[in-house]
Amino acid sequence: MLKKKLNISELFNQKKYNEIIDVVENKIDKKDINSQLLNILGVCKLLKNGNSKNNLIEAIKVFREAYLKESLSIHTIGAFNNFVNSSVNLYDMDVSERNRSHCKENFYEAINFYKKNNKHFDNNKKILLAITRIYKRFADVDNIITNLEKIMNFEQNDHLILCSYIYHNSFKYKWNQINFLENSKLFDEKLEAIPEFDLVPINQIIGKKIKVGILSSDIKGNHVVNNFLRSILENYNKNKFEVNLFLNIDIKKQDETTKLFKKLVSNSYNIKNLKDLDAINFIRKQKIDIMIDTMGLLSDNRIALYKNRIAPIQINWCGYCNTVGIKEMDFIFVDKNLIYPDEKHLYTEKIVYLPNIWNVHSGFKYERPKYPSPFIKQKYITFGSFNNFTKISEETIETWSTILKENKGSKLILKSGSSRDLNKLYERFNKYSVSNSIEFKAKTKSFKEHLHLYKQIDLSLDTFPYNGVTTSFESLWMGVPILVMKGFNFNSRCGESININLGMKKLIAKDFKNYIDIASFYASNIDKLLDLRNEVYEKLLASPLFDTKKFSKDFYRCIQTLFNEKFN
């Protein structure tokens, strides 16, 4: 038996997974197969011939047998971790109802096992992260935060855990901006400061053009950031500016979107496989004058690069709507509606105010006819929100539920861009006895279908405190007004800025009651609602919201000013 185990170890190192499967299943007596061997068998089934759906299904069965076979040990815990992660991967891979239902059974099984044995797991980072992945599919922000806090109690130096912790607190009213600032400042302690003698010196050579760098992990697929990033890449003076893309994207995941963006710039570089030190030195060698970060604490960020400075001027813009907390991030681009003058001290970056709005959408390639209000045909008011379900806070649920109760026969359509389980959200609405008034829309096959779903909505409802941005632009493009809540910081005021720039201050609620009153007013005064929809349609393209050319001029004027102040 020992020889066979040693042989299996050698085969595994040689990646001969099918041979291991044959040994375990056909050449070892079943009574001698323990959790350790089962876990290895599951991993081999997972890795053989690529990561396919069938491989995942086979592996999950083996991992379940392995973690249940013996009392808790390093091997059963490892098998449990593999069972959870494989179940989540299968959930994400196959969106069919049958598969999702099966995976959710695994999720509930895993959560029950975790709770039953939490004294063994609450100091296990891998298990806590695996269970957190399940909570994310349930859009269960409270339990996500709880698990991240558990990890932070014993793991002090993982800055990615802190990123996730700060991000998920953005969905709740538990923190004020001081809390965000104080927690973000912890990055100064957690991020490694590389000795300057290991780094390529930053010795700028002032050339004919200002060299702008943009670092992103998201220029691929249909990532929402790209709709805004295009606004400054399709409209800039190539005689004055040289734009360079630094892609933190695996070569295999680069696609047509990536190719399109590469054509819009002078140079593009891939730093995905470079460690921090190598990436810093590589970027420094490119002599970039101004580096723009589009991720902040989100996505597959490289915040540690900015801590060690990769350009003389470093800017936080576009992807993350709050402070990143490190003193080396010099500026944050906002507008006057997002951060008030007496709040500048609550952000570590120096505030740069763009003239109108902090971001504009590059628009859609589809025609924009004026669509009729669905009320005209249905004779009842339909509210809607296509924000990710994670953004639907308890305060949002209570407020929307009150609106539905006060407006008999009204309906609320909900749709999320990410794969999230509906049952938990349904239960949260059911507490207020309004779940029968809610219709969930499945993910559409095409983006055009997604846009056309807005034709079923009379009035969009924004989430709070974490506002929608992309979905707000979509709604307005389709002629559907959006009701937003007044916020307390950059992130929670995005909706305000959008409506102010559209000339729709009347759709900014000052508190929960006012939000309910405004929604109910338009629900019971249909003529006013129809006038409102006409007003939005007429105003939109004359507003700053989709004016990419003007925005780009304003943006690069700010870039030029910062450059002049630094080098002249």
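The values are calculated or read from the model by the stated rules, or taken from the named source; none is laboratory data. Since the structure is predicted, the reported quantities are computational estimates derived from the model, not experimental observations. Glycine gets a Cβ as well: all are built from the backbone with ideal geometry, and neighbour counts include every protein chain shown. These area figures cover heavy atoms from the full protein model, side chains too; ligands, DNA and RNA do not enter into them. Shrake-Rupley method; radii C 1.70, N 1.55, O 1.52, S 1.80 Å.
Between residues in region 221-239 that are closer than 20 Å to Asn267 by Cα and residues that are assigned to a loop (DSSP other than H, G, I, E, B) and open to solvent by 70 Å² or more (accessible area, probe 1.4 Å), which pairs lie under 9 Å by C-beta distance while being six or more apart or on different chains?
Cβ pairs passing all conditions: Lys238/Lys209; Asn239/Lys208; Asn239/Lys209.
Only one of (1) touching a residue at least 24 places away in the same chain (Cβ under 8 Å); (2) loosely packed, with under 13 Cβ neighbours inside 10 Å; (3) closer than 23 Å to Phe138 by Cβ; (4) acidic (Asp, Glu) is not met by Asp94, so which one is it?
So the condition that Asp94 fails would be (2).
Go through region 202-219 and report how many residues are closer than 28 Å to Lys275 by Cα, modelled with pLDDT of 95 or more and not aliphatic (A, V, I, L, M).
In the first step, residues of region 202-219 are kept if they are closer than 28 Å to Lys275 by Cα; the result is 202-205, 210-219.
Remaining after also requiring modelled with pLDDT of 95 or more: 210-219.
This time we only want the ones that are not aliphatic (A, V, I, L, M), so: 211, 213, 216-218.
Selection size over region 202-219: 5.
Any idea how many residues of region 526-563 are open to solvent by 60 Å² or more (accessible area, probe 1.4 Å) and in a helix (DSSP H, G or I)?
Total satisfying the criteria: 11.
Each row is one residue, and each column tells you yes or no for (1) within 23 Å of the chain's Cα centre (by Cα); (2) open to solvent by less than 60 Å² (accessible area, probe 1.4 Å); (3) in contact (Cβ under 8 Å) with a residue 60 or more places away in the chain.
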| position | (1), (2), (3) |
| --- | --- |
| Lys272 | yes, no, no |
| Phe282 | no, no, no |
| Ile288 | no, yes, yes |
| Ile292 | yes, yes, yes |
| Gly296 | yes, yes, no |
| Asn301 | yes, yes, yes |
| Pro312 | no, yes, yes |
| Trp317 | yes, yes, no |
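Among Ala519, Ala523, Ala509, which is more than 30 Å from Ile210 (Cα to Cα), crowded, with 21+ Cβ neighbours inside 10 Å and touching a Phe, Trp or Tyr at 6+ places or on another chain (Cβ under 6 Å)? Steps first, answer last, please.
Numbers: Ala519 fails: touching a Phe, Trp or Tyr at 6+ places or on another chain (Cβ under 6 Å); Ala523 fails: touching a Phe, Trp or Tyr at 6+ places or on another chain (Cβ under 6 Å).
Just a single option satisfies the conditions, and that option is Ala509.
Out of curiosity, is Phe83 under 21 Å from Leu47 (Cβ atoms) and among the aromatic types (Phe, Trp, Tyr)?
On the way: under 21 Å from Leu47 (Cβ atoms): yes; among the aromatic types (Phe, Trp, Tyr): yes.
Here the answer is yes, as Phe83 does meet what is asked.
Within region 97-104, is there a residue that is out of contact with any helix residue (DSSP H, G or I) (no Cβ under 9 Å at 6 or more places or on another chain), more than 29 Å from Cys44 (Cβ to Cβ) and surrounded by fewer than 17 Cβ atoms within 10 Å (Cβ to Cβ)? Explain how you work it out, then say what you get.
From region 97-104, those out of contact with any helix residue (DSSP H, G or I) (no Cβ under 9 Å at 6 or more places or on another chain) are 97-98, 101; that's our starting set.
Cutting the leftovers down to more than 29 Å from Cys44 (Cβ to Cβ) gives us 97.
Filter once more, so that each one left must be surrounded by fewer than 17 Cβ atoms within 10 Å (Cβ to Cβ): 97.
Yes, region 97-104 has at least one match.
Would region 44-56 turn up any residue that is open to solvent by 60 Å² or more (accessible area, probe 1.4 Å), under 28 Å from Asp140 (Cβ atoms), over 27 Å from the mean Cα position of the chain (by Cα) and not hydrophobic (A, V, I, L, M, F, W, C)?
Going residue by residue through region 44-56, those that are open to solvent by 60 Å² or more (accessible area, probe 1.4 Å) are 47, 49, 51, 53-54.
Filter once more, so that each one left must be under 28 Å from Asp140 (Cβ atoms): 51, 53.
Of the ones still in play, those that are also over 27 Å from the mean Cα position of the chain (by Cα) are none.
Looking for residues that are open to solvent by 60 Å² or more (accessible area, probe 1.4 Å), under 28 Å from Asp140 (Cβ atoms), over 27 Å from the mean Cα position of the chain (by Cα) and not hydrophobic (A, V, I, L, M, F, W, C), one finds none in region 44-56, hence no.
Please tell me if Asn118 is open to solvent by 30 Å² or more (accessible area, probe 1.4 Å), without any contact (Cβ under 8 Å) to a residue 40 or more places away in the chain, out of contact with any Leu (no Cβ under 9 Å at 6 or more places or on another chain) and under 22 Å from Ile134 (Cβ atoms). Don't jump to the end; show me each part of the working.
On the way: open to solvent by 30 Å² or more (accessible area, probe 1.4 Å): yes; without any contact (Cβ under 8 Å) to a residue 40 or more places away in the chain: yes; out of contact with any Leu (no Cβ under 9 Å at 6 or more places or on another chain): yes; under 22 Å from Ile134 (Cβ atoms): yes.
Yes; evaluated as a whole, the condition is true for this residue.
Where in region 118-186 are the helices (runs of 4 or more DSSP H), entirely inside, with at least 1 residues that are among the β-branched types (Val, Ile, Thr), closer than 23 Å to Leu305 by Cβ and modelled with pLDDT of 95 or more?
The qualifying helices (runs of 4 or more DSSP H) are 159-169.
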